[in-house]
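*Asks:* Next up is a structure, given as structure tokens.
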Amino acid sequence: MRDGSHTVIRVLIMMCLPLLAVAHAKDPSREQTDNAPGPNLASVNAAVAPAGENRLIYGKNADRPVPIASITKLMTALVVLQSGEPLDEWLAFHKRHTPPAANAYSRIRIDSELRRSDVLRIALMSSENFAAYTLARSHPGGFDGFINDMNATAKALGMTHSRFVDPTGLSAENVSSASDLVKLVNAAAKHPEIRQYSTTGYYRAWFREPRYSLSFGNTNALVHRDSWGVSLSKTGYLSEAGRCLVMVSEMNGRKVITVLLDSLGTRSPMGDAGRIKRWLDTGTSGTVARAARRYEQEKNAAYADASSNTQSVN
């Protein structure tokens, strides 16, 4: 009889464990410590938080400063809107005063003009680098003043792992952490312009001097899927930063901030977003490709070596 009781108890425990895992994932008051068990992600660094809060539901190397590529443009947009400069003002796309990066190609013609609102829109939705540069160049304090304001804003938001040297993200010296970017997303999401412009699916911009138009598409495929309810979005890529994605979307009945930094493939961040969504809904961790695991191991080793070299120099 005693052995039978023990068997029943073991069965009940095994039945309850999955339910407890789901309850833990669904409860927003439960905070996951960095690298705690959670969703399996291809991204090397990540953070998940309830929208409007800086508290993480889950973190993976969340405080590690890393290059963030064009995620930078969220800070660019925030500084532009905080400046109070009129959005209907026409801005001229002057030739860059510093040599452009090798991957800084743009279809926009030198000296043509576009309203600041549209320049901001295409910088966010389509990650147009010349647009981000022009926003900084047109700042009341000039280009250098804009960079100073980016770093001052980061400091004011408590982004202690962040540094900005350019408004586009083409420089690998623009660094932040996943946890810092949660703070940036929360600040950016307070501006309806950033929410609207960053989630515009397609847009045709009309330039003048000379008159012509160009079509732009959103770099995040998830904004086209109503089931995701994406209300803020930004993607990024540099070889040093990998594939990056930050967004606010509907997950398990609530708005959630997802920050994914340094993924191997173009679809890896979207796959990670799906795994996070399923984890919040069911508690299942999911699986990632073997190549992504190898990439993660190599990048973690590289980060460790860089940190060790920095400490030895200091």
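The values are calculated or read from the model by the stated rules, or taken from the named source; none is laboratory data. This structure is a prediction, so every number in the text was calculated from the model and none was measured. Surface accessibility is based on the protein's heavy atoms, side chains included, excluding ligands, DNA and RNA. Shrake-Rupley method; radii C 1.70, N 1.55, O 1.52, S 1.80 Å.
*Asks:* Excluding ligands, DNA and RNA, what is the solvent-accessible area per residue of segment 225-314 at a probe of 1.4 Å, expressed in Å²?
*Replies:* Working: 4370 Å² over 90 residues.
In whole numbers, segment 225-314 has 49 Å² accessible per residue.
*Asks:* To continue, here is another question. Return the long-range amide H neighbours of Tyr212 (sequence gap of 5 or more, or a different chain), with a cut-off of under 5 Å between placed amide H atoms.
*Replies:* Phe207
*Asks:* What residue among Ile122, Ile108, Ile57 shows peak mean-square fluctuation when the chain is described by a Gaussian network model with Cα springs under 10 Å?
*Replies:* Ile108
*Asks:* With N denoting the number of residues in the chain, provide Rg(C-alpha) divided by 2.2 N^0.38 Å, to two decimal places.
*Replies:* Ratio of Rg to 2.2 N^0.38 Å for the chain: 1.10.
*Asks:* Turning to a different aspect of this structure: Evaluate the relative contact order of the chain (contact order divided by residue number), counting alpha-carbon pairs under 8 angstrom at least 6 apart; express in whole percent.
*Replies:* Once divided by the residue count of the chain, the mean separation gives 25 percent.
*Asks:* Just the ratio, please: alpha-carbon radius of gyration of segment 141-278 over 2.2 N^0.38 Å, N its number of residues.
*Replies:* Working: Rg = 16.0 Å, N = 138, 2.2 N^0.38 = 14.3 Å.
That works out to 1.12 for segment 141-278.
*Asks:* Can you give the Kirkwood hydrodynamic radius for segment 55-141, in Å, rounded to one decimal and based on Cα pairs?
*Replies:* 14.3
*Asks:* Roll a 1.4 angstrom probe over the protein heavy atoms and tell me the percent of accessible area of the chain that is carbon or sulfur.
*Replies:* On the chain, the fraction of accessible area on carbon and sulfur atoms equals 53 percent.
*Asks:* Still on this structure: Would you grab the residues whose amide H sits under 5 Å from the one on Asn45? Only those 5+ places off in sequence or on another chain, please, with H modelled 1.01 Å from N.
*Replies:* When sequence neighbours closer than 5 places are left aside, the close amide H contacts are Leu261.
*Asks:* With a 1.4 Å probe and all protein chains in place, put Val230, Val80 in order of accessible area, largest first.
*Replies:* Putting Val230, Val80 in descending order of accessible area: Val230, Val80.
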